[in-house]
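*Asks:* The following block contains the structure, expressed as structure tokens.
The values are calculated or read from the model by the stated rules, or taken from the named source; none is laboratory data. Model, not experiment: these values are computed from the prediction. Note: ideal-geometry Cβ built from the backbone for every residue, glycine included; neighbour counts use all protein chains shown. Ligands, DNA and RNA are excluded from the accessible area calculation, which covers all protein heavy atoms including side chains. Shrake-Rupley method; radii C 1.70, N 1.55, O 1.52, S 1.80 Å.
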Amino acid sequence: MTLFSCWGRLKAPASGGCDVGPVCHCVRGTGACYALGTPGGLIEAAGSAVTLRPEWQGVVPPMVAPVVAARRGVDLNPLDPKRDGARLLAFVWADQTLRLARLQAALGLAGGGGVVDEGDAADWLEARLQARHPGQAHLVYHTIAHQYFPPTVQARIEAAMAAAGARASADAPLCWLGMEADAAGPGAAVTLRIWPGDIAVTLGRAGFHGEWVEWRGMGD
């Protein structure tokens, strides 16, 4: 259950927030971004080596790739792709060939420079949010992770984000992106909060393994 944080130039509309399509994703020992296939074409950042091609429903997202200046993650027990690759592959059902192929490609990125620290998510995030990044958007995100954190950790993360959001500015916005299960189903809700302003929006829904996306976007 890993929490990620990255900053860089994301599309910043007049609202001062972020319109988030593909985001950086790192595994311990890897550093490349993933590309995203959409009906409008391929969205990819420099260094993209794995392409995600979900069954896409809904509106086409902005065809803007993020420019990631720095990224990092935290996990209680980070796995090393070289040491633990076979173990990770064993967690995928053998008949899910597309997932296996994507995972094998991702494991092949080992050594690309991304880092996942070992530690508590709340401790790590509280410290990481202390720094401001003028001219850049700071994005905190998690997929099917926050729901598994203990309630005390969830509360601390919420408080840390709210406190950092109060310090955010149009020049240095803070974004909180989550893909987590809820009672609405099917799949998981993809939600976004943006500071300054504490704007909350449901971007859409997605399959738990990324096999489909129902995208609403930021709307009007």
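*Asks:* Radius of gyration and Dmax for the range 37-98's Cα atoms, expressed in Å?
*Replies:* Answer for the range 37-98, Rg first and Dmax second: 15.7, 40 Å.
*Asks:* Using a basic spin-label model with each label point 7 Å from the Cα along Cα→Cβ, how many nm lie between residue 199 and residue 90?
*Replies:* In this crude spin-label approximation the distance works out to 4.7 nm.
*Asks:* Note the full-extension length gain between residue 170 and residue 212 as 0.36 nm times their separation in residues minus their Cα-Cα distance, in nm to one decimal. Each step should come with its number before you reach the end.
*Replies:* Working: separation 42, 0.36 × 42 = 15.12 nm, distance 3.27 nm.
Additional length available on full extension: 11.9 nm.
*Asks:* Sticking with this structure for a sec: Apply the a/c threshold of 1.5 to the C-alpha gyration tensor of the range 164-216 and tell me whether it is rounded, prolate or oblate.
*Replies:* Details: a/c = 3.10, a/b = 2.71, b/c = 1.14.
Because a/c hits 1.5 or more and a/b exceeds b/c, the range 164-216 counts as prolate.
*Asks:* Percent of accessible area on the range 127-208 owned by carbon and sulfur, 1.4 Å probe? Display every interim value, and only then the final one.
*Replies:* Details: 2150 of 3470 Å².
Ligands and nucleic acids excluded, carbon and sulfur give 62 percent.
*Asks:* Follow-up. For the range 36-166, go through all pairs of different Cα atoms, get the mean of 1/r, take its inverse, and jot down that Kirkwood value in Å. Write out the running numbers ahead of the final one.
*Replies:* Values: mean 1/r = 0.0571 Å⁻¹.
Value: 17.5 Å, from the Cα pair sum.
*Asks:* Also, quick follow-up: What whole-number value in Å² describes the accessible area per residue of the range 69-220 for a 1.4 Å probe?
*Replies:* The answer is 51 Å² per residue.
*Asks:* Take the alpha carbon gyration tensor of the range 77-149, find the square roots of its eigenvalues, order them as a ≥ b ≥ c, and report rounded if a/c is under 1.5; if not, report prolate when a/b exceeds b/c, else oblate.
*Replies:* Details: a/c = 2.18, a/b = 1.92, b/c = 1.14.
The shape class here is prolate.
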